[in-house]
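Participant: This structure is in structure tokens; I'll ask about it shortly.
All of the numbers you see were taken from the coordinates with simple rules; none came from a lab. Because the structure is a prediction, the values reported are computed rather than measured. Glycine gets a Cβ as well: all are built from the backbone with ideal geometry, and neighbour counts include every protein chain shown.
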Amino acid sequence: MTARLLAAQLNDPQGEPDWATTLRACSAYEAYLRTYRGVLVAANAIEFLMVDRYFPRSIYFSLATAEDCLGVLDQQQSRAGSGEAAKRIMGRARTRLEYETIGDIILHLSSHLSDIQRACLEASTAIATTYFQREATLAWRSDAPLSPTSGEEIKIKKI
């Protein structure tokens, strides 16, 4: 959600980003003021929301937490790398933020935010596939009768 709020702020057609509003929308305004001693600077706001290791709603903190939680779920950890797709996706996104300089993050902020949102979508899909779709989903066919007549079965199509 933080990535979406940042992207919305950058794509605001009204012009100059309002970082105080963005920080408030992320419930980060007071924490930011305590961390940066009350001075509101755009680069610091981006750094705080993107890569702060201690702020629970920063993108880095969220990715690291998701990666840790997925590690707990992955009971069959292999000796070489992660065997679970969602954990790999989160790990790559977190690592990119962790080792990128804040200057490079700010310079390519729009592409970073798009990559993070894409990684979250891919991880969500991988989680759903791994943990929630064990069997094919059943759906009613539109050409099937509403109730079976003498000896007919209701037709069910596997998706």
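Participant: So if we plug the beta-carbon distance of LEU40 and ILE106 into 1/(1 + (r/R0)^6) with R0 = 22 Å, what FRET efficiency do we get, rounded to 0.05?
Facilitator: Using R0 = 22 Å, I get an efficiency of 0.90.
Participant: Rounded to the nearest 0.05, what FRET efficiency do ASP68 and ASP12 give with R0 = 35 Å and r taken as the Cβ-Cβ distance? Could you check?
Facilitator: Efficiency computed from Cβ-Cβ geometry: 0.55.
Participant: Ok, one more. Each label point is 7 Å from the Cα along the Cα-to-Cβ direction; what then is the distance between the points at TYR131 and SER114, in nm?
Facilitator: 3.0 nm
Participant: At most 16 other Cβ atoms within 10 Å and a DSSP loop assignment: could you name the trypsin sites (Lys or Arg not before Pro) in region 11-50 that fit?
Facilitator: ARG37
Participant: Positive end of the dipole of region 1-129, charges at C-beta (+1 Lys, Arg; -1 Asp, Glu), about the Cα centre: which of ALA28, ALA123, ALA3 has its Cα farthest in that direction?
Facilitator: It is ALA123.
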